[in-house]
Amino acid sequence: MATEKHSAGGAVLTDLVLEIFRLNGRLLAAGDRLVADVGLTSARWQVLGAIHYAGAPQTVSWLARSMGLTRQAVQRIVNELAAEGQIAFRSNPAHRRAHLVTLTRAGRAAYSAAARRQTPWVNALAAGMDRADLRSALQLLGAIRSRLEAADARPERPRSAQR
């Protein structure tokens, strides 16, 4: 069994990834608490936000890509939101089966209520943090995401060619 060692950068990045996993769990739990009385979960809030920020109706596949999630995961949440009247489907002139997703009045109201709660919460969380540190963290996470996206876009090499 091969026992390769992390490079110095690989070891630190591994620690960062593990910290991101822990942070993600905390953010999801905090988000669930923040929007529970609006009838949302973090996952539903995230999908409503993706639809809101898209600026125009998009397909579930497009929303999933923009969120870094699988189409199936987003489809499940979209179906729940549609059943509750928070989103609606429109026909897609570019594709017969891939409908476009749009917010309804109820969906916009739920998203707005969540956003009104998020602003004071995130302001309090950011209090005392250095904005330059936050910008640096944002740039670093964006660079890591870009590298992962670039790797996903490349065709995978056969295992025998990787040795």
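The values are calculated or read from the model by the stated rules, or taken from the named source; none is laboratory data. Predicted model only: the values in this text are computed from it and were never measured. Don't worry about glycine lacking a Cβ; one is built from the backbone with ideal geometry, like all the others, and counts go over all protein chains shown. The accessibility values were calculated without ligands, DNA or RNA, using every heavy atom of the protein model including side chains. Shrake-Rupley method; radii C 1.70, N 1.55, O 1.52, S 1.80 Å.
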222 nm mean residue ellipticity, helices alone, for the chain (DSSP H n ≥ 4; -39,500 (n - 2.57); rounded to 500): -22000 deg cm²/dmol
For Gln58, distant residues with modelled amide H under 5 Å away: Val101
Within the chain: Cβ-based charge dipole about Cα centre, in debye rounded to nearest 20 (Lys, Arg +1; Asp, Glu -1): 500 debye
Listed residues Ile20, Leu69, Leu34: farthest to the positive end of the dipole of the chain (Cβ charges): Leu69
Rg to Rh quotient for segment 1-154, alpha carbon positions, Kirkwood Rh: 1.03
Å² of accessible area per residue within the chain, as computed with a 1.4 Å probe and no ligands counted: 74 Å²
Farthest toward positive dipole pole in segment 8-163 [+1 Lys/Arg, -1 Asp/Glu at C-beta], among Ala115, Gly142, Asn92: Asn92
Carbon and sulfur %, accessible surface of the chain computed with the full protein complex present, 1.4 Å: 56 percent
